[in-house]
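Have a look at the structure below before the remarks.
All of the numbers you see were taken from the coordinates with simple rules; none came from a lab. Predicted, not measured: the structure shown is a model, and the values here were computed from it. Every residue, glycine as well, gets a Cβ built from its backbone with ideal geometry; the counts of neighbours run over all protein chains shown.
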Amino acid sequence: MEAKKIQSDIEALHYWDARVLQMDTSFFGDEITIMFEETDYNVNLLFTGCSKFSFITSVEDRLKPLKELTKPQIPYFIQDIEVSDLEIEDGKNLLKCNILMPPLNVEVVCTRIFIAKV
């Protein structure tokens with residue numbers, strides 16, 4: 001049920017084709033932040049209580065160090081974000097978020113997702 005509300009809030013941002021500016025992990029992967037551009041501001045998606053994080057990209061995507069790229073050279077643009085509820089044992093609920101930003105695909109399983117305009 002919570003996933004539908006978060007999905008609705010994310011859809012209201014009109015994120016399609018938004019340039020991803022940053023993706024960071026903190027506290028041994030407990031928190032993951034993804035920042036992307038909006039027209040008048042940037043948006044932070046903060047995932048907390050993360051128990052799974054995976055990203056898949058091509059080897060060619062990592063041949064040049066990404067820290068050397070300028071903002072216009074960043075190749076990641078969000079195409080789709082899907083948030084769903086994930087029930088685990090003992091009736092506990094988590095959130096699963098799949099983000100398609102070719103050539104990178106991200107999956108996060110967490111307890112909370114916060115959306116902030118910065």
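I want to confirm something. Restricting to the range 5-20 and keeping residues that are more than 13 Å from the chain's Cα centre (by Cα) and part of a helix (DSSP H, G or I), which single residue is nearest to A116 (Cα to Cα)?
Ranking the qualifying residues of the range 5-20, first place goes to D9.
So which residues in the range 1-50 are more than 23 Å from P75 (Cα to Cα), touching a Ser or Thr at 6+ places or on another chain (Cβ under 8 Å) and among the aliphatic types (A, V, I, L, M), if there are any at all?
Result: A3, single match.
Would you point out the residue of the range 21-30, among those that are over 9 Å from the mean Cα position of the chain (by Cα) and part of a strand (DSSP E or B), that is surrounded by the fewest Cβ atoms within 10 Å (Cβ to Cβ)? Full working, then the answer.
Initially, the range 21-30 is screened for residues over 9 Å from the mean Cα position of the chain (by Cα), giving 21-22, 24-30.
Next cut, part of a strand (DSSP E or B) only: 21-22, 24-26.
Numbers: L21: 15, Q22: 11, D24: 9, T25: 13, S26: 12.
Residue satisfying both the conditions and the ranking: D24.
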